[in-house]
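A short worksheet on the structure shown next.
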Amino acid sequence: MSMKCRQVALSPNHLSGFSCLVAMVAAMSCRGGSPSTCVLAYGGREPMRLLNNFRFAIKLPLIVTVIGLLAIGTTTLFAWREMREQSMVDAARRLELAARTRAEQTTEFFEEFRDAVELEIGLAGTQQSVMALSLPFQRDDEAPANTHYAATQAGFHDGFVAQAKRGGLSDILLVDQQGNVVYTLAKADDFGTTLAPDGSGDPLAAIYAAASAAAPGRAVVSDVVRYDPAGGIPSVFAAGAVRASNDEVLGVLIHRKPITRLNEILQSGRDLPDGSEVVLVGPDGALRSDSTLATAPTARIRSMSSDAVTSALQGRSGTIRADTLQGAPGLLAFAPVPVPGSTWAVVAAEPLESLFAPSRAFLVSVAWKAGLILVVSSLLGWMLSRSTAATMGQLRRAMSDIGKGDLEIEVPCLGRRDEIGDIAAALVDLRDDFKSACAAEHDTGFQSAALAATTAATMLVGRDMRILYLNPALDRILRLHVEALKDNCPDFDPDSLVGQPIQMVHRDLSQIERLLSGPEDLPATADIRLGETDFALTISAVIDAGGAYVGNVMEWQDVTDALMQEALFRTIDDNLLTARIETDGAILRANALMAECLETEQAESIGRSLLSHFAPDTGTQVGSEEMLERLRSGEVVRGTFRVTGVGGRESWVDGSFDPVLDRQGRVLRYLFIGTDVTETAMEIRDAEERLRAMVAAQARVFDGLRVGLAELSKGNLRVSIDTAFPDEYEQLRKDFNQSASNLMTAMTQVAENAASIHGEATEINTAAEDLSRRAEKQAATLEQTAAALDELTSSVRSAAEGAARANEVVVDARGNAEKSGDVVEQAVSAMGEIATSSGQISKIIGVIDDIAFQTNLLALNAGVEAARAGEAGRGFAVVASEVRALAQRSSDAAREINDLISRSGEHVRKGVELVGETGTALKRIVESVSGIAGHVSEIAVSAREQSTGLAEINTAVNQLDQVTQQNAAMFEETRAASHALTREASALADTMARFRTGVRSERVRVAQRGIKPPQSARPAPKQALASAGAVSASTPMPVTEADLDSDWEDF
């Protein structure tokens, strides 16, 4: 065998001990290589000239120590620097992830808060609660203490409590159109206050004004504020306007949350080390959250001024080195936080001291270990140098000969079993390898180039489980997954894998040893996972020319996508209806669910026309042939299909037909994927049937209410709905009948009381006229007495006779005066009864007013329910509006009647005063008459005192005439007042006669006929004017049926 090996030129002058060692190592590294690669060009000047002046025994320990020191120091320094840099990179990545995550969670917090309010303001229950709770405030300024308000809010309070628990709310507030806080869950100081409509004053007024101005159906969210009524706790408000169907604002719903949830989001420290913190900063630089490192609350108290905050508020994210909130140097990650109406900033900070603590500990640990290693290595180097120095000369000469091309030389020291012997044996092997290397150079070079150029990731492993070779394709893969490999083996280094054990890249050594134990089980496949990537390792045996098992070749294949696709196909096949279809519509393969839907077996379904079983139901209105044409053109057909099985069973499937195209866009086949929605379709049909039944029932209810309300609008209070409603509406019919019955009872009582007042007023009028006639009669008697006194001057006899007649007249006048006093007392008593009746009528009118208010409230609730019913409730909404208007007119009429009764009571009071004055005058008359009787008796007893008695009688008669004239005027006033009272009672009777209650008493009919106005004989000017005014205002006019209908419509 001829071999051409280039000579290794070694300079004998420089073959000292160290040079020989270098040449030996170089020769050992070239085992199996080509001669050209094994040439050692060792000549010229030694770069390290100073080392050539030392003996090997000194040089070797020194070099080992220096090299070890440099290697360990350099490695430690680079490792320390890399660890610091990696710590910075890891911390930046960790803080950026924390900032982004918390920014997204904060945004979700505000959006969910706002969406919850938008959902609540659209519910009919919220509209009903706002309207119901606002009414007591409109009727009574002291609504919180009102019994009606307490009963109303009790009906909604439990629902609001449950809503607050579900949403983590601190308080729920309702504000009416006027800004009154009509309800709060917490009942703090803000309850019952009135908010400024322009939003000034406090945060609650601001959120109220913003919600009122927002678009219909939209809610607004406030900034973080310290809310004084809640004890200054930082809180966030969300509010939305509650609107009617015509978008009229009925009120505002406000939710309040503390920032506890925000603190939980930001202070979750599971992904951050100790000493780190995350804070939320607003546009003004003030904190919107509490700091985990602060000893006191910081929200809306402390501020943060940093480039990180400025950049985040401008919409940027990243990391910078700056001072933390506590003033320590640190690494800060920032991210913008979009909140409704603004942009905030999230800042995550970690102090540099805690960030670099692991690298400092690593440096100290490595320094101690490196010093110990250097001491031990120096001692060992010195000892080895002395023992090997003698033999190095022999090996040097042998290597020199081999370097010169003498491959037949005998190598010394082969009998030694130490390292020197191994070197000698290695030198023999090197010599022998040189012989065979020349022949194998060409084949080896070709195979190495092919293995390096292939795209298949390949690794060669020896029998000792060590890596012999990995091609560039595998090297790229391992470098991409270096972090995952370091998790398995911290010592992993992609630059020094050759010669390392296989567990450097595969932690399950037992599995590899089992697979590589012998070639009989090969080739085999093993799985390995690096990070998020799955690989399949195909292991094959390497057999040399002699048939010996010398190692293994491993091919790495990325199967991540293949495994995911396999799992995806399996999931689709297990849960959805799938079928592969030929271009003519024939089934190529149908899964078990599709076969079950077609009522056939999977094997029997092959070849069937799938489209013949499918009929469009929703989503598409095309036929089977047109659907097939659309598929052939490459179009996707989606929708809900009615599927008829072989046995005639119908089911509904929601899915799509998708064409499968080749690279040129030609249709190869079709794929159907769908979901069985039969149960859902049947439920929809059942729901439609129930809806139709409900609409029919509501139509019957609306017809019944329409007829009843029409009768009420005509004034027929006897109306009643006799036809039974469906069970859910039966209570509505009973409530309507009860309301009509109560209204009829009240109106009947009012009519009867009006008739009673009219009768009593008529009696008072009759008594007053009798009293007036008697007063005139008394005046005539006094004139006769005066004539008799004139005759006394002519004759004592005639005076005595006149005195006797005067005594008789006086006795008669006294009796009449006493009777007049009794009549006046009866008039006072009658006036008191009239006042009592007026008070009872006022109470009845108050009951009518309350009934009208409750009817108004019921109509309002009915309108809300009609609005919830949508289009189906439009007719009922119109009826409810008419009922509400009717109730309002009833309330107005009741107030007018109450005012009329109040004026009548005032007239009665005046009549009582006048009658009292009449009684006083009559007492004086009785006293005067008694004096006259005494004088007449004296005249009869003694004639001698006639002249004196005549003078006294004359004076007394003059006074009596004046008193009598005053009495007559008073009687006239009393009669005018009684006539006015009668006319007012007649007007009340006329008003009540317009209602058809089925009861018409005789007194009511009398009241309807009216009373003739009195003709005053001698009214005083002021009294006449008052009487005339009363007649013109109260005189009843003839009432026709048309007038009754018109007045009722106005009422």
Nearest-0.05 FRET efficiency for residue 158 and residue 745 at R0 = 45 Å, using Cβ-Cβ distance, is 0.80
Of all C-alpha pairs within the range 457-562, those more than 19 angstrom apart amount in percent to 40
Low-density loop GluC sites (Glu not before Pro), the range 711-741, at most 10 other Cβ within 10 Å, DSSP non-H/G/I/E/B, are none
For the pair residue 892 and residue 151, the simple spin-label estimate (label points 7 Å beyond Cα toward Cβ) gives in nm 2.8
Least to most buried among 156, 569, 995, by other C-beta atoms within 10 Å and fewest first, runs 569, 156, 995
Surpassing 27 Å at the alpha-carbon level, of the pairs 777/923; 714/734; 819/843; 187/843, are 819/843; 187/843
Note: residue 74 to residue 486 extended length (0.36 nm per residue) minus current alpha-carbon separation gives 146.2 nm
P(r) over all Cα-Cα pairs of the range 336-400, 10 Å bins from 0 to the longest distance, whole percent per bin, short to long, reads 15, 17, 16, 14, 12, 10, 7, 7, 3
Going from the fewest other Cβ atoms within 10 Å to the most, one would list 303, 928 as 303, 928
Contour minus Cα-Cα span, residue 303 to residue 630, at 0.36 nm per residue, comes to 111.3 nm
In terms of the charge dipole of the range 89-355, which places +1 on Lys and Arg and -1 on Asp and Glu at the beta carbon, the residue among 124, 200, 168 farthest towards the positive end is 168
Taking a straight Cα-to-Cα line shorter than 16 Å from residue 404, and setting aside same-chain aspartates and glutamates fewer than 8 residues away, one finds 432, 433
The range 519-534 scanned against label point 7 Å out from residue 510 along Cα→C-beta; backbone N under 19 Å for 525-529
Fewest-first ordering of 819, 843, 257 by Cβ atoms within 10 Å yields 843, 819, 257
Using alpha-carbon positions, the gyration tensor of the range 577-687 gives root eigenvalues a ≥ b ≥ c; with a/c under 1.5 called rounded, otherwise prolate if a/b exceeds b/c, else oblate, the class is oblate
By the mean-Cβ-within-10 Å protection proxy, highest first, 828-840, 973-985 rank as 973-985, 828-840
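FYI, it's all coordinate maths here, none of it is from the lab. Since the model is a prediction, treat every value here as computed from it, not as a measurement. With ideal geometry, Cβ positions are generated from the backbone for all residues, glycine too; neighbour counts draw on all protein chains shown.
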